[in-house]
Amino acid sequence: MYKLTIIVLLALIVSAVSAKDYTVSSPSGKLAVKVSVNEQVSYTVLLNGQEIVAPSTISMKISDGTVWGAKAKVKKAKTTSVSQELHPVVARKHAVIKDDYNLLTLTFSGYSLEFRAYDEGTAYRWVSATKGDYKVISEEVTFAFPADHAIWFPEEESLMSHQEREYLREKLSNVGSDRFCSTGMLVDCGNGVKTYISESGLMDYAGLWLRGSDENQNTLIGKFPGVVLEEKQQNDRNVKPTKYADYIAECSGPRVFPWRVMLITENDADLVESDLIYKLAPEQKIENTSWIKPGKVAWDWWNANNIYGVDFESGVNNETYKYFIDFASKYGLEYIILDEGWYHLGDVLDVVDEINIQELVDYGKSKNVDIILWVVWKSLDDKLIEALDQFQKWGVKGIKMDFMQRDDQWMVNFYEKVALECAKRELLVDYHGAYKPCGLDRAYPNVISYEGVKGLENAKWSTLPDPEHDVTLPFIRMVAGAMDFTPGAMINKTKQNFNPVFTEPMSQGTRCHQLGMYVVYESPLQMLADNPSNYYREPQCMEFLSAVPSVWDDTKVLEGKVSDYIAVARRSGDTWYVGAMTDWDPRSLELKLDFLGEGNYTMKVWKDGVNASKHASDFAQETVNVTSGSTVKVNMAPGGGWVAIIEKK
């Protein structure tokens with residue numbers, strides 16, 4: 001599955017600066033992590049010799065009273081150099097991922113501490129050798145910075161959250177202990193350097209959040225939900241914890257804990273190209289993956305099933321969904337989704353009279369279109385095995401599970417349970433109402449996408465997302481993994497003309513801004529959110545949307561600046577797709593096509609129309625001849641975009 005070279009380097013990579021200080025450097029030497037083991041364990045991160053993360057203490061308190069990292073003595077220090085290639089089952093960004101790092105392992109009595117140093121960042125985790133049952137009372141996670149940096153802060157109000165937040169521009173000093181955010185988040189370290197903070201390998205543990213510090217205003221401190229002792233079910237979907245334990249995890253025997261991840265880049269584009277979260281994730285846990293099929297989806301809920309020009313009443317009924325299937329079939333979309341409404345809420349096996357799932361599955365098969373079913377997590381959990389067995393019997397190909405809104409240890413384990421049980425039945429899983437991706441998709445490749453993003457659905461009731469938010473997401477939320485933003489609006493408005501409408505929704509920014517999302521945004525299960533009746537009226541756009549893939553063999557970010565603009569080139573087979581997006585500022589970019597191979601190519605372009613700044617749906621097309629030596633000038637209107645398909649002649 002991969003080529004692996006492991007070299008033990010005791011003298012070259014780890015240097016004992018003193019008896020209690022250790023350093024591990026990345027393969028190129030550009031990034032270094034210094035670990036100090038004294039009264040406490042702390043780490044410092046340097047990039048090209050400059051301190052990026054200041055000394056930051058870490059520890060873990062266990063229920064037997066011991067504190068890992070306090071007054072600890074290193075029994076053994078070892079380093080390993082790893083160079084391997086990963087071949088993901090679902091190629092979200094790259095078909096082949098180079099995984100090169102140096103690993104420092106510090107072994108203590110009953111536990112160890114691992115640091116990985118990559119050229120693109122670093123991560124650490126605790127590893128337990130403890131036998132029997134024990135609890136993690138608390139984990140000290142600290143990210144101290146040498147200055148009062150600007151940050152992108154996805155502030156939260158509660159630990160019960162969909163993690164669909166706006167990235168507030170703040171200073172570290174403005175975030176005290178009473179303010180907290182979900183992860184990942186981004187720190188602007190100055191001079192072009194950014195530090196993205198999140199986690200990977202979140203399994204059988206509580207999720208990481210971050211709060212400010214009253215003692216050190218330049219520091220972010222880990223925050224975790226406790227184990228849930230009592231909860232109250234408020235309706236079919238909201239199960240609110242009412243009592244947390246004074247500990248964050250219940251453990252048994254030896255285990256690894258989640259990685260605490262710092263992705264450190266000198267160029268914003270590198271944030272988008274990184275696979276660091278995937279590299280740190282648990283290895284694959286299921287054997288048969290041949291059935292896993294990424295693809296595009298015709299989605300019903302955003303457009304409220306509000307089709308028109310038909311001779312039946314639209315809504316949650318078989319006639320409407322056959323119309324969706326016909327549309328998907330015509331344009332080569334692999335799936336349709338039946339979202340909320342197909343079952344009586346509270347019982348996932350009590351199908352409404354207007355829907356016949358078996359009939360729809362059979363009709364879809366005749367058209368080469370498969371069915372995915374939306375479910376509320378609690379209603380699914382109430383009948384998990386029975387329901388999944390029935391879905392498999394019907395011939396359904398996946399579920400979209402919604403409204404979890406928690407990442408305490410029980411809920412994290414529930415995610416894995418669902419992934420495993422679905423894999424047994426060859427079902428995909430798309431998590432909505434969810435925390436961010438943090439590696440589960442590597443362990444279970446049938447985990448095909450995640451929400452955890454303030455996506456297009458919000459346009460039905462709010463003024464977000466807007467183009468600035470749209471060009472922030474690739475550099476923060478999408479760094480974690482697949483992002484089910486659900487793009488594809490065909491009713492597009494300028495900032496002045498936008499209005500939230502629930503049943504006939506629209507987007508902010510131009511038509512080509514929406515098209516650009518299909519190249520810029522990564523989701524192996526990629527939605528077409530608008531009404532098939534609207535798409536039928538846009539054959540030129542459907543020419544692009546029917547062709548664009550949802551998985552990629554290669555990715556190159558051509559230009560990018562957080563919250564301002566982005567241009568990405570992605571390859572599928574021998575064909576390149578290029579997408580660009582801007583915020584509310586009109587923008588011109590010059591894109592070099594030096595990623596192309598030798599020879600002559602044809603480039604078909606969809607670009608903002610000359611009047612797109614006034615009528616956002618305005619777009620134009622052109623076809624030009626290009627080579628690897630070409631430079632293309634891309635002009636984008638306010639909230640604009642640009643896409644192209646490049647094929648060899």
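The Rg/Rh ratio of region 543-598, with Rg taken over Cα atoms and Rh as the Kirkwood radius over Cα pairs, comes to 0.99.
Along region 491-502 the Karplus relation, 6.51 cos²θ - 1.76 cosθ + 1.60 evaluated at θ = phi - 60°, assigns HN-Hα couplings of 9, 10, 9, 6, 4, 6, 9, 6, 8, x, 9, 6 Hz to successive residues, with x for each Gly and Pro. Packing, taken as the mean count of other beta carbons within 10 Å per residue, orders the peptides 190-197, 641-648 from highest to lowest as 641-648, 190-197. For region 143-200, the extents of the C-alpha atoms along the principal axes are 35, 25, 18 Å, listed from largest to smallest. A compact globular protein would have a Cα radius of gyration near 2.2 N^0.38 Å; the ratio found for the chain is 0.96.
Residues whose amide H lies under 5 Å from that of residue 231, counting only those 5 or more places away or on a different chain, are 242; hydrogens are built 1.01 Å from N in the peptide plane.
Estimated from helices alone, the mean residue ellipticity of the chain at 222 nm is -4000 deg cm²/dmol (sum of -39500 (n - 2.57) over DSSP H runs with n ≥ 4, per residue).
Over the chain, give the accessible area per residue in Å² for a 1.4 Å probe, as an integer. Kindly include the intermediate steps, with their values, before the conclusion.
Working: 23740 Å² over 649 residues.
Accessible area per residue: 37 Å².
Taking amide H as placed 1.01 Å from N in the peptide plane, the amide H of residue 528 sits under 5 Å from that of 297, 298, 299, each at least 5 places away or on another chain.
Measure nothing but the geometry: give the 0 to 90° angle between the long axis through the Cα atoms of 318-330 and the longest principal axis through the Cα atoms of the chain, rounded to 10°. The angle comes out at about 80 degrees.
Two-decimal Rg/Rh of region 472-589 from alpha-carbon positions, Kirkwood Rh?
Values: Rg = 14.2 Å, Rh = 15.0 Å.
Taking Rg over the Kirkwood Rh, I get 0.95.
The angle between the Cα long axis of helix 384-394 and the main principal axis of the chain comes to about 40°, on a 0 to 90 degree scale. Nearest 10 degrees, 0 to 90: what angle lies between the long axis of helix 409-424 and the longest principal axis of the chain (Cα atoms)? Approximately 50 degrees, to the nearest 10.
At what distance in nm do the modelled label points of residue 633 and residue 85 sit from each other, each positioned 7 Å from its Cα along Cα→Cβ? About 4.1 nm separates the two model spin labels. Could you work out what % of the accessible surface of the chain is carbon and sulfur, using a 1.4 angstrom probe and leaving DNA, RNA and ligands out of the count? Of the solvent-accessible surface of the chain, carbon and sulfur hold 44 percent. Label sites at residue 604 and residue 252, each approximated as a point 7 angstrom past Cα along Cα to Cβ, lie 5.7 nm apart. Computed from backbone phi with θ = phi - 60° and the Karplus coefficients 6.51, -1.76 and 1.60, the 3J(HN,Hα) list for region 207-212 is x, 8, 10, 10, 10, x Hz; x is used for glycine and proline. In terms of overall dimensions, the C-alpha atoms belonging to region 220-305 reach 44, 41, 35 Å along their principal axes, ordered largest to smallest.
Considering only Cα atoms, the convex hull volume of region 338-384 works out to 73 Å³ per residue. Return the tail of the calculated pair distribution for region 47-103, meaning the percent of Cα-Cα pairs more than 20 Å apart. Cα-Cα pairs in region 47-103 separated by more than 20 Å: 62 percent. Across all C-alpha atoms in region 283-322, the radius of gyration and Dmax reach 16.9, 51 Å.
Eigenvalues of the alpha-carbon gyration tensor of region 34-162, scaled by 5 and square-rooted, set the equivalent ellipsoid semi-axes at 26, 22, 20 angstrom, largest first. Over the C-alpha atoms of region 151-304, the Rg to Rh ratio, Rh being the Kirkwood estimate, stands at 1.00. Here the alpha carbons of region 295-354 define both size measures, Rg and Dmax, at 12.0, 35 Å.
At the listed q of 0.28 Å⁻¹, the Debye profile of region 180-225, built from one uniform point per Cα, gives log10 I(q)/I(0) equal to -1.08. In the structure shown, do any of 93/592; 293/604; 293/424; 131/436 have a Cα-Cα gap over 22 Å, and if so which? Beyond 22 Å: 293/604; 131/436. Taking a straight line from the alpha carbon of residue 98, these lysines sit under 19 Å away, with near neighbours fewer than eight places off in the same chain left out: 3, 30, 279, 556.
May I ask for the equivalent-ellipsoid semi-axes of region 311-429, computed as the square root of five times each C-alpha gyration tensor eigenvalue and listed largest first in whole Å?
Listed largest to smallest, the semi-axes of region 311-429 are 26, 16, 12 Å.
If R0 equals 22 Å, the separation of the Cβ atoms of residue 340 and residue 368 corresponds to a calculated FRET efficiency of about 0.30. Sorting the segments 283-291, 216-224 by their mean number of nearby beta carbons within 10 angstrom, highest to lowest, gives 216-224, 283-291.
The values are calculated or read from the model by the stated rules, or taken from the named source; none is laboratory data. These numbers were taken from a predicted model, which means no experiment stands behind them. FYI the Cβ positions are ideal-geometry reconstructions off the backbone, even for glycines, and counts take in every protein chain you see. Just the protein is used for accessible areas: all its heavy atoms, side chains included, with ligands, DNA and RNA removed. Shrake-Rupley method; radii C 1.70, N 1.55, O 1.52, S 1.80 Å.
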